[in-house]
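First up is the structure itself, then whatever we jot down about it.
Nothing in this text is a laboratory measurement; each read-out follows from the coordinates by a stated rule. Model, not experiment: these values are computed from the prediction. Backbone-built Cβ (ideal geometry, glycine too); neighbour counts: all protein chains shown.
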Amino acid sequence: MSKFVSRFLKDESGATAIEYGLIAALIAVVIIAVLTTVGTGLQAKFQKVSDELNKAT
């Protein structure tokens, strides 16, 4: 039993999986933030175009 606990505490394979999961989550948060910012900018541009077209008619 002592060997099992010792081996379990030294095993780092789970830590690597957790690290990859955290990196993937961070990348996802960055992508969402960028797309939200770009989407807001695009929405403003399209609204401006729409307003100009409504003025012309």
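Using the Karplus curve 6.51 cos²θ - 1.76 cosθ + 1.60 with θ = phi - 60°, what ³J(HN,Hα) values do you get for each residue of segment 6-19, in whole Hz, with x for Gly and Pro?
Once rounded to whole Hz, the list reads 4, 5, 4, 5, 8, 6, 10, 5, x, 5, 5, 4, 5, 4.
Given the C-alpha atoms of the chain, compute the convex hull and give its volume per residue in Å³.
Working: hull volume 3.2 nm³, N = 57.
Each residue corresponds to 56 Å³ of Cα convex hull volume.
Separation between the residue 31 and residue 18 pseudo-spin-labels, each 7 Å from Cα along Cα→Cβ, expressed in nm?
2.4 nm
Checking the cross-link filter: which lysines have an alpha carbon closer than 25 Å to that of residue 45, excluding same-chain neighbours under 8 positions apart?
Within the straight-line cut-off, residue 45 pairs with 55.
Just grab the label-to-label distance for residue 40 and residue 7, each label 7 Å out from Cα along the Cβ direction, in nm (one decimal).
Each label point lies 7 Å from its Cα, and together they span 5.3 nm.
With +1 on each Lys and Arg Cβ and -1 on each Asp and Glu Cβ, and nothing else charged, work out how big the dipole of the chain is about its Cα centre, in Debye to the nearest 20. List each step's numbers first, then the result.
Working: 6 positive and 5 negative charges, 15 e Å.
In debye, rounded to 20, the chain gives about 80.
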